[in-house]
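The values are calculated or read from the model by the stated rules, or taken from the named source; none is laboratory data. Predicted model, so just to flag it, every value in this text is computed and none were measured. Cβ coordinates were reconstructed from backbone atoms using ideal geometry, including for glycine residues, and neighbour counts include every protein chain displayed. Accessible surface areas use protein heavy atoms only, side chains included; no ligands, DNA or RNA. Shrake-Rupley method; radii C 1.70, N 1.55, O 1.52, S 1.80 Å.
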Amino acid sequence: MRIITRTEAPVEPTVSSTCSTATASYHEAQDWRQILAQSFRSADALLGYLGLPDDGILAPDHPALAFPLLVPRPYADGMTRGNPNDPLLRQVLPLAAEGLDDPAFVTDPLAEAASNQQPGILHKYQGRVLMLTTTGCAVNCRYCFRRHFAYEDNRLSREQRLQALDYIRQDDSIQEVILSGGDPLMLQDDALATLIDGIEGIPHVTRLRIHSRLPVVIPQRITSALIQRLSDSRLNVCLVIHANHAAELTPAHEGLNRLHKAGIHVLNQSVLLKGVNDDLSILSDLSNKLFTFGVLPYYLHLPDNVAGTQHYFVSDDEGRMLYRELRKILPGYLVPQLVREIPGAPYKQPMMMSC
Ligand SMILES: *Cc1c(COP(=O)(O)O)cnc(C)c1O
Ligand code: SF4
């Protein structure tokens, strides 16, 4: 494997996504950074690839595109050509509906700014702290609840990363460090290993959790070096991936099984999204498929009221109804916990069922 020692920020594209040779080289590319560099960055290019007409594409100056389109090719390969309603496409294609103004949908629905104690730290819950490691993701999910988050203020210098570690060191109630982002697996393996070294050096930390969508959207991100580093850790390591639909998992995702076999706990969190997975058989297919890769469902989040995401919204009642049916057809361990996050609450709120 080619080692790049750069430690900061996402890889810039070196190949234009409209370049006709990009597709061919992507299938040959083994290195996740090369694959990432060849991601689609325009709706034109993605729709063309899927054989779809380009009507409805937003003008380049549309406010929704302040959060630009970004779709890695392995993720696009899970989409069905010619289907404008493809559930994967729907998660990543900017739509005019994002521009609708609705006062109930706001930029910081979880009031995270208040828990952002210092750059790189979000400390909301007891015993565990979120460390914001990178500002970038490998995919831009249109429903993202952090799409308006002040990532620029959380882009960490080396100094600030050390200060974030100091914050954790000084609070011995913190048992678990959760690497989040952006997407923490946007860090190169060596930078990630250095960060884990730092966390392992804090005696009261016993658990490391990594929340990442990269293993789903670019399965090649699960490198042997990553598996090795995680399984070598003195910490109890948990990786929480993020898949919303069974079509996001393919034979290329066998790396998830390798993680599982190496002793890493792999869990999945999903968001319940209108027009993507608000359907009984889609949700049960997802749980069943996850388990074939050694992954257990963790949370099914009801979407937050984030500005620009109204068209994905599923109400508590709709969510509860689906959930009740889901419980009937899956073994208990394959049923994720249906939760909604309520600002100020000390944990993610389970959506109780009335029967
Ligand atoms: C979701 C979240 C966590 C983790 O919560 P769990 O219920 O332990 O999965 C921790 N910190 C913050 C800020 C979070 O948003
Ligand atoms: S990968 Fe996660 S943080 Fe990044 S855009 Fe998607 S949902 Fe948001």
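A few points about this structure:
- The P(r) of segment 51-165 has a tail past 16 Å containing 69 percent of all C-alpha pairs.
- Pairs of lysine residues in the chain that meet both criteria, 8 or more places apart or on different chains and Cα atoms under 23 Å apart, total 6.
- Å² per residue, accessible surface of segment 24-99 at 1.4 Å: 42
- Surrounding net charge for residue 228, when Lys and Arg each add one and Asp and Glu each subtract one, Cβ distance under 13 Å: 0
- Spherically averaged projected area of segment 24-99 from its Cα convex hull (nm²): 5.2
- Of all accessible heavy-atom area on the chain, the percent that carbon and sulfur account for (1.4 Å): 55
- Most to least packed among 48-54, 123-129, 84-90, 38-44 [average Cβ atoms within 10 Å]: 38-44, 84-90, 123-129, 48-54
- For the pair segment 303-351 / segment 197-267, the C-alpha centres are spaced 24 Å from each other.
- With Rh defined as the Kirkwood radius, the inverse of the mean 1/r over Cα pairs, the Rg/Rh of segment 213-336 is 1.00.
- Over 40 Å [Cα-Cα, the chain], rounded percent: 8
- Ranking 50, 91, 218 by Cα position along the charge dipole of the chain, where only Lys, Arg, Asp and Glu carry charges on their C-beta atoms, puts 218 farthest toward the positive end.
- Relative to the Cα centre, the charge distribution of segment 112-350, modelled as +1 at Lys and Arg Cβ and -1 at Asp and Glu Cβ, gives a dipole magnitude of about 320 debye.
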